[in-house]
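Below is one structure; the comments refer to it alone.
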Amino acid sequence: RDLRSRKTEWVELAAALLERKKTTLRSLAEVYGEMGIRPELHFLQRVVERFEDWRIANRRIGFADMLHEPVTAIESDPVVRARVTDKVDMILVDEYQDTNEIQHLLLRAIAGRRARVTVVGDPDQTIYEFRGADPGFILRRFAEDF
């Protein structure tokens, strides 16, 4: 196929790569590998990196940034972490089977050692796997972290 006919496919794949990256704290290269993107499309990592440079320089955020940026700050800065951790007594989360890594990390940070955390969900009803939801968070990680 020619370049123009593939443009839509590449833009959609780059957008999916960016969105999936923002559901984790892993590097773009790691997420690229996990998604099984063909090696000849490696240039998409540069596309995503340049878009992120533009987004930050122009002070823009997308939906995924609303969780990714705060969690990145919490995980990397002890002062920020201290401002959000151990401030609440109880947390209840519904539909936890649709939790992704960034959401789990945010819950863990907010709960700290103080909060009693209860989650509800059915791992057989996970429907947001396209955005990193993993029933492993309700089946294993919750018990490990809380």
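The values are calculated or read from the model by the stated rules, or taken from the named source; none is laboratory data. For clarity, every value in this text was computed on a predicted model and none was experimentally measured. Backbone-built Cβ (ideal geometry, glycine too); neighbour counts: all protein chains shown. Ligands, DNA and RNA are excluded from the accessible area calculation, which covers all protein heavy atoms including side chains. Shrake-Rupley method; radii C 1.70, N 1.55, O 1.52, S 1.80 Å.
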With point charges of +1 on the Cβ of Lys and Arg and -1 on the Cβ of Asp and Glu, referenced to the Cα centre of the chain, which listed residue (Val88, Asn100, Val71) lies farthest in the positive direction of the dipole? Val71
Calc'd 3J(HN,Hα), the range 93-107, phi into Karplus 6.51 cos²θ - 1.76 cosθ + 1.60 (θ = phi - 60°), Hz, glycine/Pro = x, comes to 10, 9, 6, 5, 5, 9, 7, 10, 4, 5, 5, 5, 5, 5, 4
Cα atoms only: what Rg and Dmax, in Å, come out for the range 18-65? 11.2, 32
Computed for the range 97-143: size of charge dipole around the Cα centre, +1 on C-beta of each Lys and Arg, -1 on C-beta of each Asp and Glu, debye to nearest 20, value 460 debye
Given H placed on each backbone N at 1.01 Å, which residues far from Val119 in sequence or on other chains put an amide H within less than 5 Å of it? Val93
Quick one: pull the percent of accessible area on the range 15-146 belonging to carbon and sulfur, 1.4 Å probe, ligands and nucleic acids left out. 55 percent
Rounded to 0.05, the calculated FRET efficiency for the beta carbons of Arg81 and Glu144 at R₀ = 25 Å is 0.80
Which value, in debye to the nearest 20, describes the size of the charge dipole of the chain about its Cα centre when Lys and Arg Cβ atoms bear +1, Asp and Glu Cβ atoms bear -1, and nothing else is charged? 540 debye
What number do you get for the chain when its Cα radius of gyration is normalised by 2.2 N^0.38 Å, N = residues? 1.19
Helical mean residue ellipticity (222 nm; -39500 (n - 2.57) per DSSP H run of 4+; nearest 500) of the chain: -15500 deg cm²/dmol
Please name whichever of Trp10, Leu28, Phe43 sits farthest to the positive end of the charge dipole of the range 1-55, dipole taken about the Cα centre and charges placed at Cβ: Lys and Arg +1, Asp and Glu -1. Trp10
Give me the number: length gained by fully extending Arg38 to Ala73, i.e. 0.36 nm times residue separation minus the C-alpha to C-alpha distance, one decimal in nm. 9.4 nm
Sorting check: for 88-100, 58-70, which peptide has the highest mean count of neighbouring beta carbons within 10 Å, and how do the rest follow? 88-100, 58-70
